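J.: I have a structure here, written as structure tokens, and I will follow up with some questions on it.
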Amino acid sequence: MRNQILLSRRDLLKSGGALIVGFTLGLPSRTPAQQAPAPAVSGGRGNAAPPPPEVDSFIVIKADGSVTLLTSHVDIGTGIAAAYCQIAAEELGIPIERFTITEGDTAITPDHGGTGGSSGIPRGGADIRFAAATARQALLELGAKQLNRPASELTITGGEVRPANGGQGVSVASLIGGKRFSMKVSASAPLKTPSTYTVVGKPVLRTEVPGKCTGKHVYLQDFTLPGMLHARVIRPPSFGAKLLSVDDSSIRAIPDVRVVRIESFLGIVAKDEWAAIRAAREIKTTWSESQGLPGSDGFERVMRTAPAQPDLQVVNRGDAAAALPSGAKQLSATYYWPFQSHASLGPSCSVVDYKESGITTIWSSTQGAFGQRATLSRVFGIPQAKLRVIYMDGSGSYGTNGANDADADALLLSRAVGAPVRVQWTRQDELAWDPKGPAQLLDMRGGVDANGNIVAWDVHMWLPSGPGGDRALLGPDSAGMAQNHGQGAGLMTLNADPPYTAPNVRVIAHNLKDTPLRLSNLRAPGKIANVFAAEGFADEMAAAAGMDAVAFRRRGLTDPRAIAVLDRAAQMIGWQTRSAPNPRAAQGNALIGRGIAYMRYKQNENYVACAMEVAVDRRTGRIAVRRVTCAHDCGLIINPDGLRNQVEGNIMQTLSRTLHEEVKFDRSKVTTVDWDSYPLLRFPEAPAIEVALIDHPDQPPYGAGEAAAAPVPAALANAIFDATGVRLRTVPFRPEELRTALSKA
Amino acid sequence: MATYKFRVNGNPATVDSWDPEQPLLYVLRNSLGLHGAKFGCGLGQCGACTVLVDGKAVRSCLTPVKQVAGRAVTTLEGLGTPEKPDVVQAAFIAEQASQCGYCTNGMIMTAKALLAQTPHPTLEQVKTGMAGNLCRCGTHTRILNAVMRVAKA
């Protein structure tokens with residue numbers, strides 16, 4: 001279903017003979033002057049350009065009746081491509097087997113936002129749906145002329161326009177195949193009602209999986225061009241270090257190697273990849289010393305006192321400070337989330353073919369091809385019209401990993417050597433230099449009355465931060481090129497307020513003026529730490545009130561969808577009502593407990609509850625997660641199998657983040673640069689996961705790329721508290737900490 | 001430039017390498033155009049580069065090309081195709097046991113060697129046998145289901 005072949009816009013329509021003018025190979029499909037105002041199809045992402053108005057920019061129907069969807073959202077392993085095909089197939093009445101999809105190519109796809117923030121389904125999918133619905137109306141009109149029947153009596157099914165009450169039809173291919181719709185996407189095009197859906201809501205297999213399982217799927221890392229050279233970049237030994245000298249003679253024995261130096265940017269380019277690797281390892285260089293980092297040990301103390309931007313009042317209702325003393329129980333606690341890496345399994349890669357005159361092409365695993373083109377244009381001073389960014393699958397990115405930086409490396413090197421260049425980062429490059437998910441410190445204060453009602457909730461959070469705007473690219477920074485140094489990490493302050501009835505709530509964010517490590521969005525940015533704190537703290541309140549954790553939460557919920565997921569996750573884990581800690585936790589050397597957490601993502605999207613059962617070895621503090629249950633409501637479900645895969649992945653990945661992951665750094669560099677020092681969860685730790693998907697076909701669909709991650713850390717902390725009576729408030733959960741606490745108990 | 005002869009996916013292969021220490025991974029990917037095995041760490045820590053040498057799962061990122069001279073190498077491509085997948089590949093496809101899929105090569109090749117040695121492993125045996133392979137997307141549940149699907153067959 002996913003198109004891996006390089007296409008031009010012209011190729012897309014060519015197969016049937018009718019050639020469409022207006023799109024030519026290698027040129028952007030639209031210039032800004034041609035962009036008419038967008039219809040109210042959906043809000044674009046952030047500062048992304050408004051969605052283009054033409055149906056043809058999203059949907060191409062060829063003479064053979066096959067359909068190509070075009071989108072700037074990309075499938076980084078999430079299954080969004082299959083979901084888009086389902087959405088379009090449903091509205092168009094064309095069998096899904098006839099669909100292919102082309103993603104993230106600035107020359108041929110529309111710009112309706114990049115991948116991120118779980119926007120693929122609610123925004124990107126809505127754009128596809130309205131384009132398909134508009135196309136459907138056009139096809140009905142065309143069919144009406146052909147069949148001499150009013151359009152109102154016609155339907156489209158099996159790729160044919162035919163009378164709804166039976167009779168001869170006419171194929172979609174014969175009506176429009178190889179031709180343009182030449183109409184704007186209409187926000188008022190009639191949409192199919194979900195109760196009639198036959199494709200959306202059914203499990204669909206992702207068509208790229210057989211290729212991924214047989215070595216046929218071409219990843220960016222596998223992509224080659226004629227005359228392409230292999231490259232490695234030698235990054236500074238410490239942040240901000242300047243390159244003082246390079247001894248080319250140190251690699252003289254390695255064949256066909258070129259050294260490229262642009263100020264402190266140092267690259268090796270070679271015909272043979274192994275030669276590039278050897279040369280990058282062996283070249284002798286000297287660098288200036290740099291000791292500008294505060295170090296990760298004790299960074300939470302640094303955060304409290306570091307210069308901050310003006311306080312950001314995220315939530316303020318009632319008077320939290322005044323109400324605190326009125327609680328029968330008053331609590332305070334500090335939660336900490338560390339810097340984390342995207343830790344992509346495959347280090348970033350990029351292939352760039354620089355053309356001095358002509359179009360420079362960047363094959364990239366960026367999550368936002370158009371945004372990346374704009375950034376590269378600004379940094380390199382190349383007009384956007386002379387840059388083409390083409391997305392190709394890389395290793396899963398979960399946000400902005402090193403992919404965008406690798407593009408800049410390859411562009412610098414291709415421009416320097418005048419040949420296509422493939423840059424492959426090392427494992428150490430990726431873990432040391434990918435922009436990081438920020439650390440986060442949360443001081444929680446609250447009061448709960450004798451009946452278990454939250455009377456006050458007061459949060460101060462501290463976040464490394466910085467200016468907005470484009471993130472700086474590593475290579476250009478080393479090369480001394482002027483650029484922005486934005487530190488956006490994505491809606492970091494949401495979900496620190498309780499999802500429960502609470503009259504007095506205040507959440508204040510202290511965004512620091514600076515950050516020791518470059519920042520970017522990492523799956524469920526901010527929400528993952530905030531829900532860890534909020535749902536851990538709610539659990540502390542429940543325990544303080546001597547209440548069952550589910551009963552405490554249920555009491556503060558009124559939304560039936562919230563209650564439904566909470567009850568379902570609890571029921572699946574076999575929840576028995578009692579207060580925590582577990583009075584009968586001991587089973588030999590194991591202490592057994594269960595915990596639960598609930599949240600509504602961003603307070604207005606998915607409802608998710610997660611419960612788990614853990615065993616803690618009282619001698620070692622080792623944590624074994626035995627079972628996880630999750631109830632997930634994201635409104636209308638498009639592809640239940642793809643959704644389940646995302647929910648399972650969110651849970652497993654977040655267990656890894658919670659149990660193991662912390663980026664450590666000393667005064668000059670990141671020190672966690674391989675899978676020993678930055679460990680991920682391994683198979684022996686993988687628990688059984690049961691997922692209940694709650695479908696609401698009458699409700700709008702939310703994205704599911706992140707939400708199920710958010711309640712996982714608190715559910716685990718709450719289960720550990722139930723098992724041991726020890727409350728873990730610092731991620732990662734280290735066995736030593738538990739062992740020490742247990743030995744004191 | 002030395003020449004090395006070995007078998008790859010049943011066929012004879014002759015490759016030149018200027019460095020006898022060049023890891024098999026780069027020979028497979030760049031000299032032979034076999035991209036199934038992936039570069040993940042170059043440290044033997046993640047398993048993404050796993051291939052079979054004489055039926056045993058090895059890390060091609062740490063295996064010098066000189067060590068496979070005269071041996072039989074099997075890569076993911078040698079097991080089957082999308083049209084005619086091998087039994088382990090078919091199980092992974094049926095379970096949709098892949099998200100980004102970058103680790104999938106290593107998962108399938110490791111499972112292949114494991115199942116050759118122990119045709120009907122328990123779930124715990126599979127977890128132990130796959131402990132050296134990392135998956136970042138968190139697809140563990142489905143990968144285990146896929147291997148157990150073959151184990152129970």
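The values are calculated or read from the model by the stated rules, or taken from the named source; none is laboratory data. Remember, it's a predicted structure, so these values are computed and weren't measured experimentally. FYI the Cβ positions are ideal-geometry reconstructions off the backbone, even for glycines, and counts take in every protein chain you see. Just so you know, the surface numbers come from the protein's heavy atoms only, side chains and all, with ligands and any DNA or RNA stripped out. Shrake-Rupley method; radii C 1.70, N 1.55, O 1.52, S 1.80 Å.
J.: Please work out whether segment B:79-151 counts as rounded, prolate or oblate from its C-alpha gyration tensor, where a ≥ b ≥ c are the square roots of the eigenvalues and a/c under 1.5 means rounded, while otherwise a/b larger than b/c means prolate and anything else oblate?
T.: Oblate shape, in that a/c is at least 1.5 and b/c is the bigger or equal ratio.
J.: Step through the residues of segment A:720-728 one at a time and calculate ³J(HN,Hα) from phi using the Karplus curve (6.51 cos²θ - 1.76 cosθ + 1.60, θ = phi - 60°), rounding each to whole Hz and writing x for Gly and Pro.
T.: 5, 4, 4, 6, 10, x, 9, 9, 8
J.: For the A and B pair, go ahead and give the buried accessible area with a 1.4 Å probe, both sides summed, in Å² to 100.
T.: Looking at A and B, the buried total is near 4900 Å².
J.: Counting alpha carbon pairs within less than 8 Å and at least 6 residues apart, what relative contact order, in whole percent, applies to segment B:79-151?
T.: 45
J.: Using protein chains only (no ligands, no nucleic acids) and a 1.4 Å probe, work out which residues of segment A:601-649 have their accessible area cut by at least 20 Å² relative to the chain alone.
T.: Going by heavy-atom accessible area, the residues of segment A:601-649 that drop by at least 20 Å² are A:Asp641, A:Asn645, A:Glu648, A:Gly649.
J.: Would you please state which residues of segment B:14-36 a label at B:Ala69 would reach in this model, taking the label point 7 Å out along Cα→Cβ and a backbone N cut-off of under 13 Å?
T.: Residues B:15-22 qualify, since their backbone N sits under 13 Å from the label point.
J.: Quick one: net charge of A:Trp287's neighbours, Cβ under 14 Å, K/R +1, D/E -1?
T.: +2
J.: Can you give me the Cα centroid spacing of segment A:137-155 and segment A:621-694 in angstrom?
T.: Rounded to whole Å, the Cα centres lie 51 Å apart.
J.: Considering only DSSP beta bridges whose two residues both sit in the protein assembly as shown, what percent are antiparallel, to the nearest 5?
T.: Roughly 75 percent of the DSSP beta bridges within the protein assembly as shown come out antiparallel.
J.: At 1.4 Å probe size, with the rest of the protein present, what percent of the exposed accessible area of chain A is carbon and sulfur atoms?
T.: The C+S portion of the solvent-accessible surface of chain A is 51 percent.
J.: Summarise the partner chain shielding of B:28-40 as one whole number: the mean count of Cβ atoms from other chains within 10 Å of each residue's Cβ.
T.: Rounded to a whole number, the mean comes out at 5.
J.: Compactness ratio of segment A:608-745: Cα Rg over 2.2 N^0.38 Å, N = residue count?
T.: In units of the globular-protein estimate, segment A:608-745 measures up at 1.18.
J.: Along Cα→Cβ, 7 Å out, is where each label goes; now give me the distance between the ones at A:Ser288 and B:Ala153 in nm to one decimal.
T.: Taking the simple label geometry, A:Ser288 and B:Ala153 are separated by 6.2 nm.
J.: Please give the FRET efficiency for A:Leu244 paired with A:Arg281, using the beta carbon to beta carbon distance and R0 = 22 Å, rounded to the nearest 0.05.
T.: According to the calculation, E is roughly 0.70.
J.: By what distance, in whole Å, do the Cα atoms of the protein assembly as shown stretch along each of the three principal axes, largest value first?
T.: Sorted from largest, the Cα extents of the protein assembly as shown read 80, 77, 60 Å.
J.: Per residue of A:676-689, how many C-beta atoms from partner chains lie within 10 Å of its own C-beta, taken as a mean?
T.: Mean partner shielding for this stretch: 5.
J.: Just to confirm my numbers, what's the Cα centroid distance between segment A:549-580 and segment A:455-495 in Å?
T.: Between the Cα centres of segment A:549-580 and segment A:455-495 lies a distance of 36 Å.
J.: Right, something else. How large is the helix-only mean residue ellipticity at 222 nm for the protein assembly as shown, computed as the sum of -39500 (n - 2.57) over DSSP H runs with n ≥ 4, divided by its residue count, in deg cm²/dmol to the nearest 500?
T.: -8000 deg cm²/dmol
J.: A:His485 versus A:Ala688, label points 7 Å from Cα toward the beta carbon: distance in nm?
T.: 5.3
J.: Considering only protein heavy atoms, what is the solvent-accessible area of A:Glu97 at a probe of 1.4 Å, reported in Å² to the nearest 10?
T.: 150
J.: While we're looking at this one, here's another question. Counting only heavy atoms of the protein chains, get the accessible area per residue of segment B:2-78 (1.4 Å probe) and round it to a whole Å² value.
T.: Computed with neighbouring chains in place, this is 37 Å² per residue.
J.: Okay, next question. With equal scatterers on the alpha carbons only and no solvent term, can you work out the Debye log10 of I(q)/I(0) for segment B:2-78 at 0.15, 0.19, 0.27 1/Å?
T.: The calculated log intensity ratios at q = 0.15, 0.19, 0.27 Å⁻¹ are -0.41, -0.67, -1.45.
J.: Provide the FRET efficiency to the nearest 0.05 for the B:Glu83-B:Thr14 pair, computing r from the beta carbons and using R0 = 41 Å.
T.: Working from the Cβ atoms, E equals 0.90.
J.: Please list 3J(HN,Hα) in residue order for segment A:421-429, calculated via the Karplus relation 6.51 cos²θ - 1.76 cosθ + 1.60 where θ = phi - 60°; whole Hz, with x for glycine and proline.
T.: 3J(HN,Hα) across segment A:421-429, in whole Hz: 10, 10, 9, 10, 6, 8, 4, 5, 4.
J.: Give me Rg over Rh for chain B, both radii from the alpha carbons and Rh done the Kirkwood way, two decimal places.
T.: Rg divided by Rh gives 0.97.
J.: Moving on. Subtracting the Cα-Cα distance from 0.36 nm times the residue separation, let me have the gained length for A:Val218 to A:Ser677 in nm, one decimal.
T.: Fully extending the segment from A:Val218 to A:Ser677 adds 162.2 nm.
J.: From the phi angles alone, apply the Karplus equation (6.51, -1.76, 1.60; θ = phi - 60°) to segment A:151-167 and give each ³J(HN,Hα) in whole Hz, x where the residue is Gly or Pro.
T.: Taking θ as phi minus 60°, the curve returns 4, 5, 9, 10, 9, 10, 8, x, x, 10, 8, 8, x, 4, 9, x, x Hz for segment A:151-167.
J.: Just the accessible area for A:Thr100, please: 1.4 Å probe, Å², rounded to the nearest 10?
T.: Probe radius 1.4 Å; accessible area of A:Thr100 about 50 Å².
J.: Using a 10 Å cut-off around each Cβ of peptide A:260-268, what is the average number of partner chain Cβ atoms that fall inside?
T.: Mean inter-chain Cβ contacts per residue within 10 Å come to 0.
J.: Still on this model: I need the calculated FRET efficiency for the pair A:Arg317 and A:Ala551, taking r as the beta carbon distance and R₀ as 25 Å, to the nearest 0.05.
T.: Calculated transfer efficiency: 0.55.
J.: Follow-up. Considering only C-alpha atoms, what is the centroid distance from segment A:383-437 to segment A:77-130, in Å?
T.: Here the answer is 24 Å between Cα centres.
J.: Taking 7 Å along the Cα-to-C-beta vector as the label spot, tell me the A:Ala333-A:Leu225 distance in nanometres, rounded to one decimal.
T.: 5.4
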